[in-house]
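The values are calculated or read from the model by the stated rules, or taken from the named source; none is laboratory data. All of these numbers come straight from a predicted model, not from anything done at the bench. Don't worry about glycine lacking a Cβ; one is built from the backbone with ideal geometry, like all the others, and counts go over all protein chains shown.
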Amino acid sequence: MQTNKSNNINQQTVIQLPSPLQSSCPHHKHTPRTPEATHQLQNRLNRMIGQLNGIKKMLDDNRYCGDILTQIAAVESALQSFGYIILQDHLETCVVEEIQNGNTEILEEAIDLIKKLK
């Protein structure tokens, strides 16, 4: 970061980094999630957020490490399940649509995503 001393203005250079996953899918789904599916996913996220806030409170209260680790395992399991639901939706909608449109390169992305969730 450079500082212009004459008028105390900080100048920063912002560098745009490439996305870690260069996707052939657009950034928005062609087939939107149903309001019910979106609501269910948001409920799952809210429960996980609640669990994380509970862990934060446990730390603040100096709770026993084993109890905190048990809660961490619960959040990890919930997040893993959430990821599998999103992956299933991705395979059933985005991937199927791309294959039907002749884009078989989407399979490579799908395999990479599956590897990330293992």
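Would you check if there is a residue in region 38-55 being within 20 Å of the chain's Cα centre (by Cα) and hydroxyl-bearing (Ser, Thr, Tyr)? Looking for residues that are within 20 Å of the chain's Cα centre (by Cα) and hydroxyl-bearing (Ser, Thr, Tyr), one finds at least one in region 38-55, hence yes. Annotation note: of 34, 13, the sole residue that is at pLDDT below 95, surrounded by fewer than 11 Cβ atoms within 10 Å (Cβ to Cβ), of a type outside the set (Phe, Trp, Tyr) and over 20 Å from the mean Cα position of the chain (by Cα) is 13.
Screening residue 98 against (1) at pLDDT 95 or above; (2) in a helix (DSSP H, G or I); (3) surrounded by 12 or more Cβ atoms within 10 Å (Cβ to Cβ) leaves a single unmet condition, (1). Residues that are in contact (Cβ under 8 Å) with a residue 12 or more places away in the chain and within 17 Å of the chain's Cα centre (by Cα) occur in region 92-102; there is at least one. Every test in (1) closer than 30 Å to residue 30 by Cα; (2) outside any helix (DSSP H, G or I); (3) modelled with pLDDT of 95 or more; (4) of a type outside the set (A, V, I, L, M, F, W, C) is passed by residue 104 save one, and that test is (3). Taken as a whole, region 73-80 holds no residue that is without any contact (Cβ under 8 Å) to a residue 24 or more places away in the chain, among the aliphatic types (A, V, I, L, M) and in contact with a Cys (Cβ under 9 Å, 6 or more places away or on another chain). Within region 101-117, being surrounded by 15 or more Cβ atoms within 10 Å (Cβ to Cβ) and of a type in the set (Val, Ile, Thr) holds for one residue alone: 106. Which one of 113, 117 is in contact with a Phe, Trp or Tyr (Cβ under 8 Å, 6 or more places away or on another chain) and of a type outside the set (Asp, Glu)? The conditions single out 117.
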